[in-house]
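Contents: one structure, followed by commentary.
The values are calculated or read from the model by the stated rules, or taken from the named source; none is laboratory data. Note that this is a predicted model, so its numbers are computed, not measured. Neighbour counts run over all protein chains shown; Cβ positions are idealised from the backbone, glycine included. The accessibility values were calculated without ligands, DNA or RNA, using every heavy atom of the protein model including side chains. Shrake-Rupley method; radii C 1.70, N 1.55, O 1.52, S 1.80 Å.
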Amino acid sequence: MPTLVNYSGDDELYLGGSLCTAGSNIDVYYPPSKRARINAPFIYGSIHSEQNQIQKPTIEVLPNECLFEIFRRLPSSRERSFCACVSKRWLYLTSSICKAEICKSENPTSSDVEMTSAGEDQDIEGDGYLTRCLEGKKATDVRLAAIAVGTSGRGGLGKLSIRGSNSVRGVSNIGLSAVAHGCPSLRSLSLWNVSSIGDEGLSAIARGCHMLEKLDLCQSSSISNKSLIAIAEGCPNLTTLNIESCTKIGNEGLQAISKSCPKLQCISIKDCPLVGDHGVSSLLSSASNLSRVKLQSLNITDFSLAVIGHYGKEVTNMVLSGLPNVSERGFWAMGVAQGLEKLVSLTVTSCRGVTDASIGAIGRGCWNLKQMCLRKCCFVSDGGLVEFANAAGSLESLQLEECNRITQSGIIGAVSNFKTKLKSLSLVKCTGIKDIGCEVSMLSPCKSLRSLSIKNCPGFGSGSLAMMGKLCPQLQNVDLTGLYGITDAGFLPLLENCKAGLVSVNLTGCWNLTDNIISALAQLHGETLEVLNIEGCRKITDASLAAIAHYCLSLSDLDVSKCAITDAGLAILSGARQLSLQVLSLSGCINVSNQSVPFLTKLGKTLFGLNLKKCISISSSSIELLIENLWRCDILA
């Protein structure tokens, strides 16, 4: 049975006999036979004719209709699986048998009872908990047919994913029809980049798999509205629909889904040129249980967003990306409608309709909004950000990426206005932020902020960081990746003002920081610090490791890659009795040599991960010795 379902050889299946071709395209099974014992005088002609008669496969003469009737009367799926191993013809015949067509004997014989009660060979009536995934060359009709037959008596197939296809013998409508016949318990189907499957195959799924709940179609160029209409009619339990780069799917298919699938909860539509306002608005106005919405690279207008704002009363998560035809009016209407009363998370990317006016309306209309992410929204400025901060009273997380009109004053003003709710602030590649002198003594501190992440903002320097330190006294997680402009003088006020104690600090690429600030960090926050990343800080030496060894009691993850540390620093680190490092990264530390092996071995008593990539002074023999001694540690070299 496992051989049938999970085989990885050629498409032809073998089971104790041999396959050969009779006629043009018929695969014939010959059972193994013993050499005949001949006592009579040898007569070549008669023996040769007898052998021909013996080898003649009489059952293969039967038409498909007769074989089908035989197979559907077999007592269990075990016997049907054995039959499927004989040839492709038998495999396809057994896979075409629907569950309703299987005959169950009303008065089973003793041999049938004995056979069907043989422990693991007994059929299991399941709800479809098995999962199968076919990728690339493994995706063929033969494998799909084998899966359909093999899983029928083992609990049923619940999830099927097909990604790519065999260029010679790829998946087609035939294979998907076999799944439709043999897997009525199928609940999730994913088709990625399978252009050979069209409306015929997906319509078969709709007719045979009425329990389908999730449908994921990506780059399925042969699937059209006809398939979605069939799914809508045959699969009323559909809860999740993902459509990406399907050029033949448009409004008609989405309208059918909206009318016949009342349980729809999650919808994601990306890069489908035929999808417009009629399809999206029908989905959003009819699906009363819709909670997750993702619309990306579509030709929708302000009308669709107005419908979302009015009917999206159950929507909790929404992603809007690359909507060039939606203007400021559309986003403003979405907020003013005040229908998104349960919206918790909103992500907007590359939408020119997001302006100061529209983001303010969203803040006022979505009063339960907790997470807001704006990416590449170039028309949002300081005034809009501050207005949004005043209106969004429940916001806990704010992420701004490549919003280049926002400056230092906008960030400071927004943070001071959030006051008691905001827990996380992330700024990524915001080039409009520059160091400008600003008095913060009159501003209210944001005591709720716990996580501050500022990545690759080249203008964010020591002055801006010092002000953030004064405004955010309860920080626990700080990520300053790529801020090469900050110095010890700018980072020190933040360390001194963090009263709660820092837990995680990432200073990757801050190459102007020195041992003095790492020593201050260890002294002020050594009791709470658990994760420290100072990769690429070229001025960090063994003195920092000495401070870490002395003051850091809870540190479990340390990354000093590309720093100026030596064997002496590792010796000090290994001598710290209170230190229990679990992850240590020394990648690119060219001054660490073979002499550090004893120290690394000592540290390895608690290590689960050790990164020694590009440590050119450590020989391969030393690496092998470490691998042998630190058998419980994952070593990268």
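Among residues other than Cys378 with Cβ under 10 Å from its Cβ, the summed charge is +2 (Lys and Arg +1, Asp and Glu -1). Tally Lys/Arg at +1 and Asp/Glu at -1 over every other residue whose Cβ is under 11 Å from the Cβ of Gly536; what's the total? Result for the local shell: +1. Taking amide H positions as modeled 1.01 Å from N, with prolines and chain starts lacking one, the residues under 5 Å from Ser327 and 5 or more places away or on another chain are Asp302.
Here the stretch 157-316 is treated as a sphere whose radius is the Kirkwood value from Cα pairs; by Stokes-Einstein at 10 °C and 1.306 mPa s it diffuses with a coefficient of 102 µm²/s. Protection proxy ranking of 612-621, 218-227, by the mean of other Cβ atoms within 10 Å over each peptide's residues and highest first, is 218-227, 612-621. 3J(HN,Hα) along the stretch 474-488, derived from phi through the Karplus expression 6.51 cos²θ - 1.76 cosθ + 1.60 where θ = phi - 60°, amounts to 10, 5, 10, 10, 10, 10, 10, 4, x, 8, 6, x, 7, 10, 4 Hz, with x in place of Gly and Pro. Average accessible surface for the stretch 213-267: 37 Å² per residue, computed with a 1.4 Å probe over protein heavy atoms with every protein chain in place. The order of the peptides 143-151, 266-274 by mean Cβ neighbours within 10 Å, most packed first, is 143-151, 266-274.
How much net charge surrounds Thr514 when only the other residues with a Cβ under 12 Å from the Cβ of Thr514 are counted, with Lys and Arg +1 and Asp and Glu -1? Every neighbour counted, the sum reads 0.
Along its three principal directions, the equivalent ellipsoid of the stretch 247-396 from the Cα gyration tensor extends over semi-axes of 25, 17, 11 Å, largest first. Relative to its Kirkwood radius, the Cα radius of gyration of the stretch 516-623 gives an Rg/Rh of 0.93. With θ taken as phi - 60° and the Karplus curve 6.51 cos²θ - 1.76 cosθ + 1.60 applied, the whole-hertz 3J(HN,Hα) list for the stretch 403-415 is 9, 7, 8, 7, 10, 4, 5, x, 5, 4, x, 5, 4 Hz, x standing for glycine and proline. Taking max minus min of the alpha-carbon positions on each principal axis, the stretch 161-237 gives extents of 34, 25, 17 Å, largest first. Sorted largest first by accessible area at a 1.4 angstrom probe radius, with every protein chain in place, the residues Glu535, Glu530, Glu60 fall in the order Glu530, Glu535, Glu60.
Rounded to the nearest Hz, the phi-derived 3J(HN,Hα) couplings of the stretch 67-75 under the Karplus curve 6.51 cos²θ - 1.76 cosθ + 1.60 (θ = phi - 60°) are 4, 4, 5, 5, 5, 6, 9, 5, x, where x marks glycine and proline.
To the nearest µm²/s, what D does Stokes-Einstein give for the stretch 265-343 at 4 °C and 1.567 mPa s, using the Kirkwood radius over alpha carbon pairs as Rh? Reported coefficient: 107 µm²/s. The alpha-carbon atoms of the stretch 356-395, seen along their principal axes, cover 25, 17, 13 angstrom, with the largest extent given first. Near Ala564, the amide H atoms lying under 5 Å from its own belong to Ile540; only residues 5 or more places off or on other chains count, and H is placed 1.01 Å from N. Amide H contacts of Leu157: Ser185, each under 5 Å away and 5 or more positions distant or on a separate chain (H built 1.01 Å from N in the peptide plane; Pro and chain starts excluded).
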